[in-house]
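Colleague: Here it is: the structure, laid out below.
The values are calculated or read from the model by the stated rules, or taken from the named source; none is laboratory data. Keep in mind it's a predicted model, so treat the numbers as computed, not measured. Cβ sites come from the backbone with ideal geometry, for glycine too, and all protein chains shown count toward neighbours.
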Amino acid sequence: MIETPTEKENREIARQYKELLRISYQTLTEDDKKLIRRAFDTAVDAHKDQRRKSGEPYVFHPIAVAKIVASEIGLDATCIAAALLHDVVEDTHYTLEDIDEQFGPTVARIVDGLTKISYLNNDKDISLQAENFRKMLLTLNDDVRVIIIKIADRLHNMQTMDSMRSDKQEKIASETLYIYAPLAHRIGLYNIKSELEDLGLKYTEPEVYYDILTRMRESKEEQDAYIRDFAKILEESLDKENINYEIKGRPKSIYSIRRKMKNQNVSFDEVYDKFAVRIIYKSDRANEKFLAWKIYSIVTDHFRPNPTRLRDWISSPKSTGYEALHITVMGLKGRWVEVQIRSERMNEIAEKGYAAHYKYKQGNQEDGLEEWVNKLQEALENPEINAVDFVEQFKLNLYSKEIFVFTPQGDIKSLPKGATPLDFAFSIHTEVGLHTRGARVNGKLVPLNHNLKSGDQVEIITSEKAKPNSNWLEYANTARARAKIKSSLKEEKKAIAEEGKTVLARKLRAQKIPFNEKTVNELVSFFKLRTSLDLFYRVGSGTIDNQKLKEFAASRSNALMSFFKSKIRRTPKLEDIHKEEITTKYDLLVFGKDEEVLDYKLAHCCNPIPGDSVFGFVTVSEGIKVHKKDCPNAIQLQSNFAYRIIQAKWKDSSQEEFKAVIRLEGIDNLGLVNEVTREISNNMIVNIQNINFDSTHGVFTGRITVIVKNNTILNKLVEHLKQINGIDKVTRE
């Protein structure tokens, strides 16, 4: 009897269901199987009339996602059920209430999170994509399993993209490389991360992908023979020690070979470590570490190790939970070989990520995922951060290598490579970070931008009077520290602006000008500013002084008199101000960490203006082009030409700081230096950089180098210093 296509499909669906139960990493109870069966039946019913672009029944997709969740990621029955149902609410007549009623609140919450993410994926606008990525991560607040199932969903979509249009393939592949592969990496799903990267390369650079794939297939036989010969040398010694082990080779991913070829500017044949040798051994928890180092000793007895390439992630596991010993040795035929030494438990954690981490978790073991989610949550909840900035910072923190530093009490902290004492301070507690006055590393005082190294012991010196300044943004590298510093600087600016608002109202009254919204808008326009906050801040910090307000009053009265005579007003509208005029007089565009002033052109695709978040792109023939960070071309440029991107930012003139030297002369008396420094610290927006006093026969001379924002503040400082008893003369050098 010949099967109809429908009967054949139904038989295949039933087969897939049985396989789903068989390959589950977790042990399934009878209740688990009933839950999965109900979810399976609901998915089959909900999607019965739907087909994928390839023509196959749509239900094969949720089943495939559930299989990835069950075997490759190793999650439990609740997650398998949620994976089967992940598209039900979005695409069919079933509602979230139906899911809640049939499967309970946990499954409903996960399905709801996955549905929210799906609604966010149809955007064209780059800044919207970044904002939606941020919203997607906010679903972590509901349940981290949402993101993990979403990664499985993306993996299956990437595996089955052949029937899509090429432009759609490229868009989805780029998004995968930009967002989902880094996420899989951070959650510890290394196998999935590698597959996502390889598939991403397949659709973004197909010629490169197939070229490397063909070459790897051609050299597979030779590599297998090399690994057999390498293993043979070790087997006798390992057997002698009665170690229960398995040695296998693991080819490097196509994407990592491509990255190596690009970074080192070498051909495929010149990439020597195209595979790693993995030694996986059986052990109970008590002897794991001892056996790892025993195997290390045997390997290095036979092959000379490269001492700079030892990675001990057993003593200090990665924050993803990854544990292993990695050594690079000089193997046969003079070739460097990476050897990874892992117990079966470590290998499961490396392949399954947190599912295995939870399975083996002991009471005293810190839950790295919870810690990561908490840190991420803090960054997400800060509404001040631009979404594109957030994505870039987030990616930096995802991919950065880790260092391990110690607190004065000997507790260990993991930080990204390149972290400074400020990053360390904010990782301890926000209040510690905000009141940092200095730092000692290994007992020695260091500047706040000092780069920490693994093994450093860091002590933070705090003071109630210490507070962040704009330079701190150059010293901090982690997203958390930078977000907290920006937030604090914004609060300080608001406080100064509040004071400035009161001062402005008083000064306008003296000029007989009403203090209302119309006047404030005229002032903003007259001083070519962007917002009323900028105006109040400049008044509060003294940049806009009495003289400048008198100029405004004069122009205002002239404008009123000539209103009927001429269409040209003295007070221009903000939109009439020429871009170049704002740039040269009020704001400065600077590039790189050293804030250099370079020649540039503004990109026509997004027309940035002073104050916008921007970056520089080094073109082939037109020098530096400046784009807004939410420019439609931003992600494409940042993804494809990262090496040609340079940091850029507009400098607010009121935030500029200048160095000035003040000379003091007078009669020496006890406590004079203390009075001078207290006067500067308590009353002024001033930092002391250098101070030197010299006393001879009862007469003293002093020289103070200060950092000030403007001339008005400096003049006020000079006046205040003249009032101190014993000071005869205060001059500026």
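Colleague: In the stretch 333-353, which residues are part of a loop (DSSP other than H, G, I, E, B) and crowded, with 24+ Cβ neighbours inside 10 Å?
Modeller: Hit for the stretch 333-353 is GLY353, nothing else.
Colleague: Considering the stretch 695-730 alone, what residues qualify as being more than 44 Å from the chain's Cα centre (by Cα) and of a type in the set (Ser, Thr, Tyr)?
Modeller: Once the filter is applied, which keeps residues that are more than 44 Å from the chain's Cα centre (by Cα) and of a type in the set (Ser, Thr, Tyr), the stretch 695-730 yields SER695, THR696, THR701.
Colleague: Within the stretch 443-464, can you find the residues that are exposed (fewer than 14 other Cβ atoms within 10 Å of the Cβ), charged (D, E, K, R) and either touching a His at 6+ places or on another chain (Cβ under 8 Å) or within 15 Å of GLY418 (Cβ to Cβ) (or both)?
Modeller: Matches in the stretch 443-464: LYS453, GLU464.
Colleague: Of all residues in the stretch 558-572, which are in a helix (DSSP H, G or I) and either at pLDDT below 55 or surrounded by 13 or more Cβ atoms within 10 Å (Cβ to Cβ) (or both)?
Modeller: ASN558, ALA559
Colleague: Right, something else. Anything in the stretch 246-259 that is under 27 Å from the mean Cα position of the chain (by Cα) and of a type outside the set (Ser, Thr, Tyr)? List them, or say none.
Modeller: If the condition is that a residue be under 27 Å from the mean Cα position of the chain (by Cα) and of a type outside the set (Ser, Thr, Tyr), then LYS252, ILE254, ILE257, ARG258, ARG259 are the ones that fit.
Colleague: How many of the residues making up the stretch 411-429 are touching a residue at least 40 places away in the same chain (Cβ under 8 Å) and more than 20 Å from the chain's Cα centre (by Cα)?
Modeller: Total meeting the criteria: 1.
Colleague: Can you name the number of the only condition in (1) out of contact with any Lys or Arg (no Cβ under 6 Å at 6 or more places or on another chain); (2) outside any helix (DSSP H, G or I); (3) without any contact (Cβ under 8 Å) to a residue 40 or more places away in the chain; (4) of a type outside the set (Ser, Thr, Tyr) that LYS248 fails?
Modeller: All conditions pass for LYS248, except number (1).
Colleague: Do we have any residue at all in the stretch 75-90 that's surrounded by fewer than 18 Cβ atoms within 10 Å (Cβ to Cβ) and modelled with pLDDT of 70 or more?
Modeller: Yes: the stretch 75-90 contains one or more residues that are surrounded by fewer than 18 Cβ atoms within 10 Å (Cβ to Cβ) and modelled with pLDDT of 70 or more.
Colleague: Could you please give the count of residues in the stretch 252-279 that are surrounded by 18 or more Cβ atoms within 10 Å (Cβ to Cβ), closer than 17 Å to TYR190 by Cα, hydrophobic (A, V, I, L, M, F, W, C) and touching a strand residue (DSSP E or B) at 6+ places or on another chain (Cβ under 7 Å)?
Modeller: Within the stretch 252-279, residues that are surrounded by 18 or more Cβ atoms within 10 Å (Cβ to Cβ), closer than 17 Å to TYR190 by Cα, hydrophobic (A, V, I, L, M, F, W, C) and touching a strand residue (DSSP E or B) at 6+ places or on another chain (Cβ under 7 Å) number 2.
Colleague: Can you go through ARG440, ARG506, ARG482 and tell me which one is in a helix (DSSP H, G or I) and surrounded by 14 or more Cβ atoms within 10 Å (Cβ to Cβ)?
Modeller: ARG482
Colleague: Here's a follow-up. Among the numbered conditions (1) of a type in the set (Ser, Thr, Tyr); (2) within 37 Å of the chain's Cα centre (by Cα); (3) more than 27 Å from GLU72 (Cα to Cα), tell me where SER219 comes up short.
Modeller: If we test SER219 against (1) of a type in the set (Ser, Thr, Tyr); (2) within 37 Å of the chain's Cα centre (by Cα); (3) more than 27 Å from GLU72 (Cα to Cα), just (2) comes out false.
Colleague: Hey, does the stretch 658-673 have a residue that's of a type outside the set (Asp, Glu), surrounded by 18 or more Cβ atoms within 10 Å (Cβ to Cβ) and at pLDDT below 80?
Modeller: yes
Colleague: Now, a different point. Residues that are over 26 Å from ILE110 (Cβ atoms) and either in the same structural domain as GLY74 (by TED's automatic domain parsing) or touching a Gly at 6+ places or on another chain (Cβ under 7 Å) (or both), at least 1 per element: which helices (runs of 4 or more DSSP H) completely within the stretch 147-211 meet that?
Modeller: Hits in the stretch 147-211: 166-175, 190-204.
Colleague: Among the residues of the stretch 430-447 satisfying the criterion of being more than 21 Å from the chain's Cα centre (by Cα) and aliphatic (A, V, I, L, M), which is farthest from ALA481 (Cα to Cα)?
Modeller: Ranking the candidates gives LEU445 first.
Colleague: Of all residues in the stretch 260-295 being modelled with pLDDT of 90 or more and within 35 Å of the chain's Cα centre (by Cα), which is nearest to ARG228 (Cα to Cα)?
Modeller: VAL277
Colleague: Quick check, is ILE233 of a type in the set (Val, Ile, Thr) and in contact with a Lys or Arg (Cβ under 9 Å, 6 or more places away or on another chain)?
Modeller: no
Colleague: All but one of (1) within 17 Å of ASP32 (Cα to Cα); (2) surrounded by 21 or more Cβ atoms within 10 Å (Cβ to Cβ); (3) at pLDDT 85 or above hold for GLN102, so report the exception by its number.
Modeller: (2)
Colleague: Right, next: Could you run through the stretch 311-334 and say how many residues are more than 20 Å from TYR190 (Cβ to Cβ) and of a type in the set (A, V, I, L, M, F, W, C)?
Modeller: 3
Colleague: How many residues are over 26 Å from ALA476 (Cβ atoms), hydroxyl-bearing (Ser, Thr, Tyr), part of a loop (DSSP other than H, G, I, E, B) and modelled with pLDDT under 85 when one looks only at the stretch 575-620?
Modeller: 1
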